[in-house]
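The values are calculated or read from the model by the stated rules, or taken from the named source; none is laboratory data. Because the structure is predicted, anything quoted here is derived from the model rather than measured. Ideal geometry is used to build each Cβ from the backbone, glycine not excepted, and the neighbour counts take in all protein chains shown. Heavy atoms of the whole protein, side chains included, go into the accessibility calculation; ligands, DNA and RNA do not. Shrake-Rupley method; radii C 1.70, N 1.55, O 1.52, S 1.80 Å.
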Amino acid sequence: MHPVLELRPNCECCDRDLPPESADAVICTFECTFCRECATTALRGVCPNCGGELVPRPRRPATLLARYPASTQRVLKADGCRGA
């Protein structure tokens, strides 16, 4: 089986919901997940956790979500984007 992206369900900064089909989700190479607004304004395109580049998260086709479901575990930075 090939490893798949977790497709985390929320922005780590503002806790905005980011469902698997969202075009507003961005990730770094470690799959830290943020909404486009936080990524561009507060974070300026750089992951506050690892310093990596934030890029658009790929969207998994709906036909594959049943076999490879998105994560339901929410990750939230204690200070949101304030500490970024």
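Laid out as a table, the results:
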item: Members of segment 30-44 found to be β-branched (V, I, T) and either within 13 Å of G80 (Cβ to Cβ) or in contact with a Pro (Cβ under 9 Å, 6 or more places away or on another chain) (or both), listed by number; result: T33, T41
item: Any hit, segment 44-62, residues being of a type in the set (V, I, T) and either open to solvent by 90 Å² or more (accessible area, probe 1.4 Å) or modelled with pLDDT under 95 (or both); result: no
item: Residue match in segment 64-71 (condition: within 16 Å of R16 (Cβ to Cβ) and surrounded by 11 or more Cβ atoms within 10 Å (Cβ to Cβ)); result: yes
item: Segment 1-22, residues that are under 16 Å from G80 (Cβ atoms) and either in contact with a helix residue (DSSP H, G or I) (Cβ under 6 Å, 6 or more places away or on another chain) or not in a strand (DSSP E or B) (or both); result: R8, C11, E12, C13, C14, D15, R16, L18
item: Qualifying residues in segment 27-43 (those that are of a type outside the set (A, V, I, L, M, F, W, C) and outside any strand (DSSP E or B)) - the one surrounded by the most Cβ atoms within 10 Å (Cβ to Cβ); result: R36
item: Residue identified as free of Cβ contacts under 8 Å to residues at least 12 places away in the same chain and either at negative phi or open to solvent by 20 Å² or more (accessible area, probe 1.4 Å) (or both) among D15, D79, D24; result: D79
